[in-house]
1. Could you check what % of the DSSP bridge pairs in the protein assembly as shown are antiparallel, to the nearest 5?
2. At a Cα cut-off below 17 Å, give the lysines reachable from residue A:371, other chains included and same-chain residues fewer than 8 away excluded.
3. Under a cut-off of 25 Å between alpha-carbon atoms, report the lysines in cross-link reach of residue A:134, not counting same-chain residues fewer than 8 places apart.
4. Tilt of helix B:433-455 relative to the longest C-alpha principal axis of chain B, in degrees (0 to 90, nearest 10)?
5. Check cross-link reach from residue A:12 to the lysines: straight Cα distance under 30 Å, and skip same-chain residues fewer than eight apart.
6. Give the Debye-formula value of log10 I(q)/I(0) at each listed q (0.14, 0.20 Å⁻¹), with one equal scatterer per alpha carbon of region B:196-262, two decimals each.
7. Taking only the alpha-carbon positions of region A:108-224 and ignoring solvent, what does the Debye formula give for the base-10 log of I(q)/I(0) at q = 0.14, 0.15, 0.17, 0.23 Å⁻¹?
8. State, to one decimal in nm and shortest first, how far the label point of residue A:147 sits from each corresponding label point in the other identical copies (label point: 7 angstrom along Cα-to-Cβ).
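Taken together, the values in this text are just the output of simple stated rules run on the coordinates, not laboratory data. Note that the structure is a prediction, hence the values are computed from the model and not measured. Here the Cβ positions follow ideal geometry from the backbone for every residue, glycine too, while neighbour counts run over all protein chains shown.
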There are 2 protein chains.
Amino acid sequence: MNHPAQLAALKKPLPPELLAALQAVFADRVTTSLAMREHHGRDESSYDPMLPDAVVFAQTTEEVAEAVKLCSSFDIPMIPYGTGTSLEGHILALRGGITIDLSQMSKVLAVHAEDQTATVQAGVTRKQLNQEIKDTGLFFPIDPGADASLGGMAATRASGTNAVRYGTMRENVMALTVVTADGRIIKTGTRARKSSAGYDLTRIFVGSEGTLGIITEVTVRLYPQPEAVSAAVCSFPNTAAAVNTVIQTIQMGVPVARVEFLDENAVRSINRHDKLNLPEKPLLLFEFHGSEHGVQEQAQVVQELAGEHDAIGFEWATRPEDRSRLWTARHNAYFAMLQMRPGARAISTDCCVPISRLAECILDTQADCEKNDMIHGIVGHVGDGNFHVLMMVDPHDPADVAKAEGVNARMVARAISMDGTCTGEHGVGMHKMDFLVQEHGVEAIEQMRILKRAFDPKNIMNPGKILHSVQETI
Amino acid sequence: MNHPAQLAALKKPLPPELLAALQAVFADRVTTSLAMREHHGRDESSYDPMLPDAVVFAQTTEEVAEAVKLCSSFDIPMIPYGTGTSLEGHILALRGGITIDLSQMSKVLAVHAEDQTATVQAGVTRKQLNQEIKDTGLFFPIDPGADASLGGMAATRASGTNAVRYGTMRENVMALTVVTADGRIIKTGTRARKSSAGYDLTRIFVGSEGTLGIITEVTVRLYPQPEAVSAAVCSFPNTAAAVNTVIQTIQMGVPVARVEFLDENAVRSINRHDKLNLPEKPLLLFEFHGSEHGVQEQAQVVQELAGEHDAIGFEWATRPEDRSRLWTARHNAYFAMLQMRPGARAISTDCCVPISRLAECILDTQADCEKNDMIHGIVGHVGDGNFHVLMMVDPHDPADVAKAEGVNARMVARAISMDGTCTGEHGVGMHKMDFLVQEHGVEAIEQMRILKRAFDPKNIMNPGKILHSVQETI
């Protein structure tokens with residue numbers, strides 16, 4: 001078991017020859033400054049930072065390959081870094097090593113509007129891409145909240161609010177450029193919409209969290225900006241009523257673009273944070289995309305379903321500025337909830353279950369939070385069966401942290417018992433490694449180890465993430 | 001290079017101890033009869049049959065695991081078999097060995113209508129599944145033409161007419177049970193709509209054509225039967241007009257459920273075969289799924305676009321029996337075209353390109369066929385940028401076969417030069433192995449080899465398919 005302490009014990013000092021060799025390639029784009037190492041040794045998780053020994057800023061795929069070859073020749077770990085917005089400790093330098101920062105790889109390389117595809121360097125963020133393509137009439141829908149880099153989003157199989165309609169990075173990455181653990185450059189996939197041409201290397205790297213190779217370029221699908229967009233917000237007397245409205249919406253096949261759930265704690269937080277006056281009850285936030293008539297049709301079905309579940313105040317947000325205010329508030333929920341307990345740190349977790357089990361899973365998790373007096377909020381991309389729990393803990397109180405981790409472990413066990421998954425979109429990082437075995441079983445985990453050992457025989461690609469002790473049986 | 005002749009030279013005689021051990025497990029469900037071996041040594045490709053040494057009929061995942069362990073202990077190749085409808089030589093026993101027939105694994109194990117998922121044994125066919133779920137109001141959309149088994153469809157990453165709307169097996173397989181090369185049983189994926197929980201083992205096995213493990217159970221997504229369905233057929237003065245209508249339909253984001261192209265040769269063939277009297281011109285066949293109003297809206301846009309491209313006789317097929325007659329004719333196109341040249345065998349191939357390049361790719365391929373006096377037809381799931389060429393050749397005339405393979409090679413090179421793929425849905429089998437290197441490049445192919453060697457170190461899982469000479473560097 002490679003616990004942080006044991007991994008730290010595996011940490012080798014940075015060989016001065018490696019640093020010199022990196023400096024020869026990257027000149028002033030390699031740094032060992034404490035401030036820069038601290039910045040790169042943390043993400044949005046509640047883990048204490050673990051610093052790399054140096055950070056290099058790559059500008060091309062070839063430079064990444066150079067850095068990888070050098071690190072590999074010294075058996076030194078390397079960690080790709082995009083925007084640092086991961087949530088489960090993905091980019092912490094458990095065994096030190098070199099962080100390869102890709103944020104200067106920020107060029108949109110090609111937009112093929114006529115094919116609805118774009119190819120970008122890994123450091124391009126989703127907002128940057130949408131800004132650069134806005135005159136084409138197309139947009140890139142995947143929206144995990146943070147303005148993450150496309151490389152990082154691919155590496156963590158990100159999704160977010162729009163996934164119920166447009167899918168996740170799994171469905172929307174068409175092709176990749178990847179630097180392998182031995183520094184070769186490979187191209188996976190094409191711009192064809194479908195292919196049966198051999199093993200799906202693209203899907204192997206999507207969601208691999210930097211542990212199999214470093215993604216340096218990403219080709220994604222784009223979508224026509226919808227002819228019409230409308231949004232609606234409504235409150236419910238209780239969580240069950242809200243979630244059951246969603247379940248029926250999905251079961252009826254209404255192609256909602258977004259449907260977000262916020263429990264009353266989350267609503268209370270964003271009311272304060274964003275100066276809104278939403279009723280402090282469980283709330284659903286819908287968005288509909290389509291033709292003028294299609295959007296009306298969808299919205300009407302949803303309004304009827306909500307009515308059957310005693311919805312309170314079904315309100316339309318037809319003006320773009322109203323919609324934008326609501327979605328900004330939703331995206332701020334994380335920061336808003338942090339303020340529920342000043343000085344606290346958030347333990348954030350997510351899971352995803354088949355839609356029919358969603359109400360049960362949320363209600364039981366909510367009850368568990370309450371029973372344990374957790375200061376918490378639950379929000380979710382509920383159309384996918386995916387929800388998030390944020391628990392505000394005192395990081396210096398081990399009992400408090402343990403209580404939150406207990407809630408998390410029980411939520412995961414509950415989701416898995418319902419044929420669900422231990423993480424719908426946050427990824428494994430360091431936080432969900434134990435649960436991976438529970439979800440997939442020892443034989444499937446062994447198959448993942450076989451893959452990891454084959455692609456990264458020295459265990460130097462973001463080691464200590466996704467799988468425990470891959471080296472054990474080499 | 002493992003050419004058939006060289007592979008046949010690698011063929012080991014069937015060890016009598018293996019046969020005896022299989023008989024002890026499978027009793028009369030193992031056979032060495034010539035008739036049964038001949039039946040299992042061919043598919044729908046133009047290759048001469050290559051027979052396995054024996055065929056076993058498995059009924060459970062555990063039995064498959066038993067067979068795999070036994071074959072593995074003798075280093076004897078094994079080939080999974082569903083319905084034998086593959087098109088590129090996927091199931092031919094190049095090095096002999098044991099064919100594991102999964103057609104008796106034909107149970108629908110679970111239908112979760114409330115979650116729109118079904119779990120089936122690998123031998124269940126798509127028509128059987130649709131028959132068994134028809135009272136749920138749901139359907140399974142993937143339709144490659146043949147009534148293939150779900151295991152085979154997963155293994156070849158199949159798609160077909162509906163993929164433009166509903167995706168391919170890549171998007172629609174949620175979870176698998178797989179027997180690995182050493183006979184372990186693994187479960188990949190869950191019934192959650194999305195997951196970031198570790199490496200995407202599901203997508204590794206989808207499209208792996210039996211070369212990495214044997215798929216024994218498949219969980220797929222189902223979809224609500226559309227509230228309204230309508231179909232339309234229209235002819236065009238030339239191929240460019242038909243294909244440009246499709247390109248614009250897709251670029252405008254019209255969510256067509258199916259859009260099929262048939263060139264005038266294909267139309268002529270199905271007219272004869274199915275006693276239709278369609279104008280013998282390039283033809284498009286559309287199907288629309290949605291609400292009553294949504295379907296009308298889609299169809300109206302398409303009718304206008306077709307009109308702008310001088311469509312001839314845009315006709316509605318509103319009655320289910322008319323729709324069914326047209327789609328049956330489309331599905332019969334393969335057999336209908338075979339009759340264009342009695343006694344001939346069809347060399348069938350497909351490719352897929354970004355939608356904007358589709359007209360150019362089809363027109364150049366058509367011109368190449370005509371220049372070479374090929375008796376041919378072109379049909380396509382053109383909404384995806386995917387099309388098929390059937391060339392009727394005299395299998396005993398090497399010059400004729402070489403001419404057809406020349407057309408095929410140039411079509412593939414053309415597709416790849418357009419950022420497309422050498423096969424959209426047929427798969428690699430034996431026929432597309434050379435093109436895989438051309439498409440992915442040597443470094444990506446090396447990465448596929450690393451995967452193959454890790455998952456099948458003895459090279460006994462359907463050897464000689466997808467990759468040449470995986471053993472070379474072991």
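1. 85
2. Of all the lysines, those that pass the test against residue A:371 - Cα under 17 Å, at least 8 places apart if same chain - are A:403.
3. Within reach: A:107.
4. Once rounded, the angle reads 40 degrees.
5. Leaving aside lysines fewer than 8 places away in the same chain, those within reach of residue A:12 are A:69, A:432, A:452, A:458, A:465.
6. Once normalised to I(0) and log-transformed, intensities are -0.78, -0.90.
7. With one equal scatterer per Cα and no solvent, log10 I(q)/I(0) is -0.51, -0.59, -0.76, -1.41.
8. Going from nearest to farthest copy, the values are 5.7 nm.
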